[in-house]
Structures are given as C-alpha cells and as structure tokens.
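Visitor: One structure is given below, represented as structure tokens, and several questions about it will come after.
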Amino acid sequence: MVDESVPAVFERVLPLLAPPPEHPEFRAGYLDLLGAQGEKSSGPIQSLWESGMGSAAYDHLQSFARRVLPWFQLPASARPPTGGRVLDVGCGPGNVTAQLGRAVGLSGLAIGIDVSPPMLARAARAETSDSVGFIRADARRLPFADATFDLVTSIAALQLIPEPHRVLAGMTRVLAPGGRLAVMVPTPRGGLLNQATKLIGDRSGLSFFDATEVAESLQAAGAATVHTHRTGPTLWITARRAA
Ligand SMILES: C[S@@+](CC[C@H](N)C(=O)[O-])C[C@H]1O[C@@H](n2cnc3c(N)ncnc32)[C@H](O)[C@@H]1O
C-alpha cells in the first residue's frame with residue numbers, strides 16, 4: 001500500500017537525488033527508491049534486520065548498547081557543521097541520523113538510507129522531522145549527485161553489504177570538498193579469532209576488514225586523509241575529502 005502523505009522534509013531531499021525519480025513513491029513516511037526491485041538479502045543476519053521482529057529487537061538493543069558501549073559513539077571529528085548536509089548509510093532505526101539532524105539544526109539536513117522496510121518504517125515513525133528524512137536505497141548505488149554532503153557516516157552496516165569497496169567509493173564520491181567520512185565496522189581481532197570469524201563470515205554473509213585495506217580503498221576513491229582506530233571489537237575509519 002502506498003502512503004500518500006509526504007513529510008515536508010522531502011521538498012528539500014528530492015532536489016538532491018540523481019537521477020531524480022520520475023514517480024517518487026512514499027511508504028510509511030519514507031521515500032522508497034527500490035520498490036519491488038530490492039535485492040535478496042546478503043545473508044541470515046541481514047535477513048533478520050529485514051524482518052519486523054529482528055528490526056524491533058535491534059532497535060531496543062542499539063538503544064541500550066549506545067548508553068553503555070563507548071565504541072558505538074560517533075567520534076568528535078564526525079560533528080557536522082550547523083546548516084550542513086549529512087548522509088547516514090545503513091541507518092537502521094535512524095537514531096544516529098536523528099542525532100546528526102539535531103547537530104545540523106533546522107537549516108541543515110540529515111538523510112538516512114537503508115534497504116530494510118521495517119527498519120525504515122521505525123526510523124520514519126520515530127525520527128522524521130523538518131531536517132531528518134529517510135530513503136530506501138541500496139548503499140552500492142547512492143542516489144545522489146557528486147559532492148552533495150558535508151559528512152557521510154555509516155555505523156555497523158558495511159560488514160553486511162556485498163561489494164563494500166564500491167560502497168566506500170560511493171560514500172567518498174558524494175562528499176563535498178573538505179567533507180568528512182566516519183565509518184564503524186565490527187572487527188574482531190586475534191589470530192585464532194580471525195580464522196574463526198573468517199569461517200563465520202563466509203557462512204553468514206558478513207565481511208571483516210583490515211584497517212590498511214579500507215584506508216587504501218578510500219585513498220583510491222579520492223579521500224585525502226584517512227585515519228583508522230581500533231576500539232573494543234570495532235574499527236573506526238575517519239577520512240576527509242581534499243578541500
Ligand atoms: C546493524 S544495522 C546498523 C544500523 C545503524 N547504522 C545503527 O548504528 O544503529 C545495519 C543496517 O545496514 C542495513 N543495510 C544492509 N545492507 C544494506 C545496503 N546494501 N544498503 C543500505 N543499507 C543496508 C541493514 O538493513 C541494517 O539496517
């Protein structure tokens with residue numbers, strides 16, 4: 001069923017889309033650019049995030065995790081400018097997108113994209129505002145013109161997406177000159193653990209990353225400075241596009 005009510009924020013979001021959709025379709029408060037063409041899930045964990053129960057469980061879990069686990073917090077370098085434009089890739093229930101929306105203020109814009117309809121429905125219901133909006137789109141084909149955003153974030157999503165280096169290149173492409181990127185991926189460490197996680201990764205559709213590999217990929221895509229930082233079971237990657 002197509003929801004005809006269109007949140008006001010989309011008056012500012014639609015002009016940023018490239019190519020512009022001929023007949024934009026809104027469902028449950030988000031813009032759906034995939035419709036029935038959404039691809040099949042990349043593995044059992046992603047299937048969970050695409051289910052109603054899985055997305056509800058994740059939403060409760062992340063809210064608790066963000067209160068107690070420091071490595072879930074955005075780094076200080078990911079603070080967007082007031083009035084800036086921010087893209088949150090793999091936004092899930094939209095909490096980080098909303099946090100970024102508050103940081104840019106009413107003159108700014110924070111857009112969350114995800115492939116999961118139940119995650120987006122939760123995000124749109126709880127977090128849509130005049131400066132925060134949500135789109136169903138695939139991170140491998142970011143539907144925006146080059147140099148659109150001052151900040152691009154992606155928290156705990158890249159490991160789920162096939163062709164992660166294509167995603168990193170796309171995120172760099174949509175950054176404005178001087179714009180910043182902040183990406184977090186779960187990254188277990190240790191020799192034996194690495195072997196085990198490789199096996200788990202192969203069966204679960206998850207990818208695990210080496211800091212150097214990610215840094216090289218971002219540099220090849222046009223990022224000027226790249227920093228990587230391991231904290232707990234996560235790898236944070238921050239980068240800046242040349243001004
Ligand atoms: C573990 S959740 C993280 C959500 C959110 N970033 C957070 O920190 O709470 C990962 C999200 O990535 C999304 N995702 C997976 N593959 C994707 C793709 N190809 N394009 C966009 N989002 C994707 C999933 O649907 C899921 O909502």
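Visitor: Ala36 versus Asp130, label points 7 Å from Cα toward the beta carbon: distance in nm?
Guide: Result for the modelled spin labels: 3.9 nm.
Visitor: Gaussian network model of the chain, Cα springs within a sub-10 Å range: biggest mean-square fluctuation belongs to which of Gly52, Gly92, Gly84?
Guide: Gly52
Visitor: Further question on the same structure: Which FRET efficiency value, to the nearest 0.05, do you get for Phe26 and His60 by plugging their Cβ-Cβ distance into 1/(1 + (r/R0)^6) with R0 = 22 Å?
Guide: After rounding, the FRET efficiency stands at 0.25.
Visitor: Then there's this: Taking H placed 1.01 Å from N in the peptide plane, check which residues at least 5 places from Thr148 or on another chain put their amide H under 5 Å from its amide H.
Guide: For Thr148, the qualifying residues are Leu175, Ala176.
Visitor: Also: Take the chain, connect every pair of alpha-carbon atoms lying under 10 Å apart with a spring to form a Gaussian network, then pick out the residue of Thr225, Thr172, Thr97 with the largest mean-square fluctuation.
Guide: Ranking Thr225, Thr172, Thr97 by mean-square fluctuation puts Thr225 first.
Visitor: Just from its helices, what would the mean residue ellipticity at 222 nm be for the chain, if runs of 4 or more DSSP H residues each count -39500 (n - 2.57) and the sum is divided by every residue, rounded to the nearest 500 deg cm²/dmol?
Guide: -10000 deg cm²/dmol
Visitor: So for the range 1-142: antiparallel DSSP bridges make up what percent, rounded to the nearest 5?
Guide: 25
Visitor: Right, next: If I take the Cα coordinates of the chain and project them onto the principal axes, what are the three extents in Å, biggest first?
Guide: Between the extreme Cα coordinates on each principal axis of the chain lie 53, 43, 33 Å.
We did not get these values from a lab; they are worked out from the coordinates using the rules stated. Please read these numbers as outputs of a predicted model, since none were measured by experiment. Using ideal geometry, Cβ is built from the backbone for each residue, glycine included, and neighbour counts are taken over all protein chains shown.
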